[in-house]
Amino acid sequence: SQQGEEDPQALSIQEGENATMNCSYKTSINNLQWYRQNSGRGLVHLILIRSNEREKHSGRLRVTLDTSKKSSSLLITASRAADTASYFCATIRGFQKLVFGTGTRLLVSP
Amino acid sequence: GAVVSQHPSWVICKSGTSVKIECRSLDFQATTMFWYRQFPKQSLMLMATSNEGSKATYEQGVEKDKFLINHASLTLSTLTVTSAHPEDSSFYICSAETETLAKNIQYFGAGTRLSVL
């Protein structure tokens, strides 16, 4: 399977703390994306980082990419209860197809 | 912008009946639409890719006759689960992509929870 692995599988933190999720993938990539899924809902695109980028920011999100280790991390700073969701990394396989990682379930308690 | 509407959000049906799920891109024309299946607490598994006016491309292990996909226009794709059985119960999610907005980024519907009794 080309599916990426994410860790941790589940993460529980308090509001205000930072949350870090890691993603490892198996094949060479042009870009890596992070998506968020609220329980029982569809996915929302968060950020895309290209293979020639090492770090990217968007609001409270910071994504890093290490192509030599085939890994990426997503950092959410100053987390809020509304950040509670599952987070998936995704890479492109073949033409257009996204392959999603196993996901990290984040719980942010007030 | 980039809104994808999926309908219905929840459907319960009897075993042996067929269920149709619609996926519409509301404010853009989707060159490609995708259908995924997701089991509880698991990741999304791609079922098929469809381009407007052509036959869908199914992933290995997905039954074409069981999951019928029609992509009749640039804004509408449908997934029909034929002769549904309890093992077809799952969360089905569609997504759409268009290079006019952003290459490789998919915009997702809210999903359809199918329960087959």
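At-a-glance table
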item	result
Computed FRET value (nearest 0.05) for residue A:80 with residue A:26, which takes r as the C-beta separation and R₀ as 45 Å	0.85
Relative contact order, percent, chain B [alpha-carbon distance under 8 Å, six or more residues apart]	37
Over segment A:49-110: Kirkwood hydrodynamic radius from C-alpha pairwise inverse distances, Å	13.1
Cross-link reach list, lysines versus residue B:103, counting only Cα pairs under 26 Å and skipping chain neighbours closer than eight places	A:26, A:56, A:69, A:70, A:97, B:55
Stokes-Einstein diffusion coefficient of the protein assembly as shown, Kirkwood radius over Cα pairs, 25 °C, 0.890 mPa s, in µm²/s	136
Sites residue A:95 and residue A:15, calculated FRET efficiency, Cβ-Cβ separation with R0 25 Å, nearest 0.05	0.05
Dipole magnitude of the protein assembly as shown about its Cα centre (Cβ charges: Lys, Arg +1; Asp, Glu -1), debye to nearest 20	80
Farthest toward positive dipole pole in chain B [+1 Lys/Arg, -1 Asp/Glu at C-beta], among B:89, B:36, B:1	B:89
Chain A: equivalent-ellipsoid semi-axes (sqrt of 5 x gyration tensor eigenvalues, Cα, Å)	23, 15, 12
Gain on full stretching of the segment that runs from residue B:59 to residue B:22 - 0.36 nm per residue minus C-alpha separation	11.3 nm
All-pairs alpha carbon distance profile, segment B:29-98, 10 Å steps from 0, percent	21, 54, 24, 2
Residue A:93 long-range amide H proximity, modeled H, under 5 Å	A:98, A:99
Residue with peak Gaussian network fluctuation, chain B [Cα springs, cutoff 10 Å], from B:46, B:76, B:26	B:26
Partner chain coverage, peptide B:37-45 - average Cβ within 10 angstrom	5
Cβ-placed point charges (K, R +1; D, E -1), dipole of chain A about Cα centre in debye, nearest 20	360
Values of log10 I(q)/I(0), in the order q = 0.19, 0.21, 0.22 Å⁻¹, for chain B under a Debye, Cα-only, solvent-free model	-0.96, -1.16, -1.26
Interface area, B with A, accessible, probe 1.4 Å, both sides summed, Å² nearest 100	1700
Within segment A:53-99, trypsin sites (Lys or Arg not before Pro) in DSSP loop having at most 16 other beta-carbon neighbours inside 10 Å	A:54, A:60, A:69, A:80
Whole-percent carbon and sulfur share, accessible surface of segment B:72-117, 1.4 Å	58
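The values are calculated or read from the model by the stated rules, or taken from the named source; none is laboratory data. Predicted model, so just to flag it, every value in this text is computed and none were measured. For neighbour counting, all protein chains shown are included, and Cβ atoms are generated from backbone atoms with ideal geometry for every residue, glycine included. What goes into the accessible areas is simple: the full protein's heavy atoms, side chains included, and nothing from ligands, DNA or RNA. Shrake-Rupley method; radii C 1.70, N 1.55, O 1.52, S 1.80 Å.
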